[in-house]
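Data block below; observations after.
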Amino acid sequence: MSSMSRFIDAHKQVVSQVGDLYIETNSTLPNYYYNLFNPLEGHGYSELYDFGRACLGRGQYQLKHPKQMTANTPVYCFGLTVFLSGTHHLKNHQTNRTYILQSPCIILRKGYLGVQTIYLPAYKQMSLITIDFDENFFDNIQHTPEYNDLVRFFLDIDATGIKTFEIPSQHIIHQAQHLLKLPQIKTKIDLLHLEGAALELLSMLLQLTKKCKASQFTAIEQAISILENQFEQKITIPQLSKQVGLNECDLKKVFKQHTGMTIGQFLLEKRMKQALILLKEGQASAKVAYALGYNNPQYFKRVFLKYFGYEP
């Protein structure tokens, strides 16, 4: 099947170099490519969808035998991998460097990587998400005052090769797991759903910041848990500050660094997402308002209208 995506075409070239590991399947969906693992080799799948701004890949598999695969990457790489489970040993023959990729982690890829060998163990569940971009993808954000490590790597003209770092937020892992667990694509509507989830993951990755101190990281994770599980209650910053053991200034500053949102924005987003769920279940807007902690249903309607642009 001929492809309209250079990312998918490059992937096909790599697959053609690793023998009969995959069984290609046919799809009438645009810019979509799906492979099943050969039952003799293991079980699982790999899937690619190019939605224009980026190309999303999903993969989950387990091999019956240890496998060593060597292939040449034919194009200039500009992308990342969220490695969710398993361990990869990767050797780049161009630099003669070997990487031990232990999940969960993020792997950044940039440049002509050349010939690489991947060593895969048997009977170990592997799962990952990949996102590849055009080289000009970050042009629109080059004037952002502060770059995180991920953006800085792609904007640095001298940075090439592979770079790995730990995932600093459980929310990144949760969103990637959600994306991975979406069912196999059957329709164009499924593609839209997948694209939306991928863009949300990408926006979260672009907002990653440097790690805060261990004590602050623990406090912020605790604050996030409180906001997620008690969003229907009236939560003030002084109360939250006492509960997690950070002063109010540090809490607001580090929370924004860690999540990309203020505490108020985070709480509002959680409530509005829950509102959509309850409304889709058929609950009346007044009942939804009370369930989310709004004592005045009319006020809830105004908040909802301002957030989504339409009334509940």
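Of all the numbered requirements in (1) of a type in the set (D, E, K, R); (2) modelled with pLDDT under 85; (3) farther than 22 Å from Thr117 by Cβ, Asp20 misses one, and that requirement is (3). Scanning segment 1-32 for residues that are farther than 15 Å from Leu128 by Cβ, part of a helix (DSSP H, G or I) and touching a residue at least 12 places away in the same chain (Cβ under 8 Å) yields Arg6, Phe7, Ile8, Ala10, Lys12, Gln13, Val15. The numbered conditions (1) modelled with pLDDT of 85 or more; (2) more than 17 Å from the chain's Cα centre (by Cα); (3) in a helix (DSSP H, G or I) are all true for Asp139 except (1).
For segment 257-312, name all the residues that are in contact with a Pro (Cβ under 6 Å, 6 or more places away or on another chain) and either hydrophobic (A, V, I, L, M, F, W, C) or within 27 Å of Ser241 (Cβ to Cβ) (or both). Listed by number, the residues that qualify are Leu279, Ala286, Ala289, Phe304. Show me the helices (runs of 4 or more DSSP H) entirely contained within segment 196-312 in which 2 or more residues are under 21 Å from His174 (Cα atoms). Where helices (runs of 4 or more DSSP H) fall fully within segment 196-312 and carry at least 2 residues being under 21 Å from His174 (Cα atoms), they are 214-229, 248-259, 263-280. Within segment 48-68, the set of residues being at negative phi and surrounded by fewer than 15 Cβ atoms within 10 Å (Cβ to Cβ) comprises Arg53, Lys64, His65, Pro66, Gln68. Would you confirm whether or not segment 95-105 contains a residue that is over 27 Å from Arg152 (Cβ atoms), not in a strand (DSSP E or B) and not aliphatic (A, V, I, L, M)? The answer is no, given that none of the residues of segment 95-105 is over 27 Å from Arg152 (Cβ atoms), not in a strand (DSSP E or B) and not aliphatic (A, V, I, L, M). Based on this model, can you work out whether Leu63 counts as in the same structural domain as Phe165 (by TED's automatic domain parsing) and in contact (Cβ under 8 Å) with a residue 40 or more places away in the chain? Here the answer is yes, as Leu63 does meet what is asked. Checking each residue in segment 281-303 for being at positive phi and surrounded by 15 or more Cβ atoms within 10 Å (Cβ to Cβ) picks out only Gly293. Select from segment 33-47 the residues that are outside any loop (DSSP other than H, G, I, E, B) and in contact with a Leu (Cβ under 7 Å, 6 or more places away or on another chain) and write down the one among them that is surrounded by the most Cβ atoms within 10 Å (Cβ to Cβ). Applying the filter and picking the extreme gives Tyr33.
Is it the case that some residue within segment 156-167 is among the hydrophobic types (A, V, I, L, M, F, W, C), in the same structural domain as Gly59 (by TED's automatic domain parsing), surrounded by 14 or more Cβ atoms within 10 Å (Cβ to Cβ) and free of Cβ contacts under 8 Å to residues at least 40 places away in the same chain? Scanning segment 156-167, I find no residue that is among the hydrophobic types (A, V, I, L, M, F, W, C), in the same structural domain as Gly59 (by TED's automatic domain parsing), surrounded by 14 or more Cβ atoms within 10 Å (Cβ to Cβ) and free of Cβ contacts under 8 Å to residues at least 40 places away in the same chain, so the answer is no. Assigned to a loop (DSSP other than H, G, I, E, B) and either among the β-branched types (Val, Ile, Thr) or at pLDDT 85 or above (or both): is that true of Thr81 in this structure? Criteria not met by Thr81. Scanning for something more than 30 Å from Phe138 (Cα to Cα) and either touching a residue at least 12 places away in the same chain (Cβ under 8 Å) or in contact with a helix residue (DSSP H, G or I) (Cβ under 8 Å, 6 or more places away or on another chain) (or both), does segment 252-274 turn up at least one residue? Yes, some residue in segment 252-274 is more than 30 Å from Phe138 (Cα to Cα) and either touching a residue at least 12 places away in the same chain (Cβ under 8 Å) or in contact with a helix residue (DSSP H, G or I) (Cβ under 8 Å, 6 or more places away or on another chain) (or both).
The values are calculated or read from the model by the stated rules, or taken from the named source; none is laboratory data. Worth saying up front: this structure is predicted, and the values here are computed from it rather than measured. When we count neighbours, we look across all protein chains shown, and the Cβ atoms used for this are built from the backbone with ideal geometry, even at glycine.
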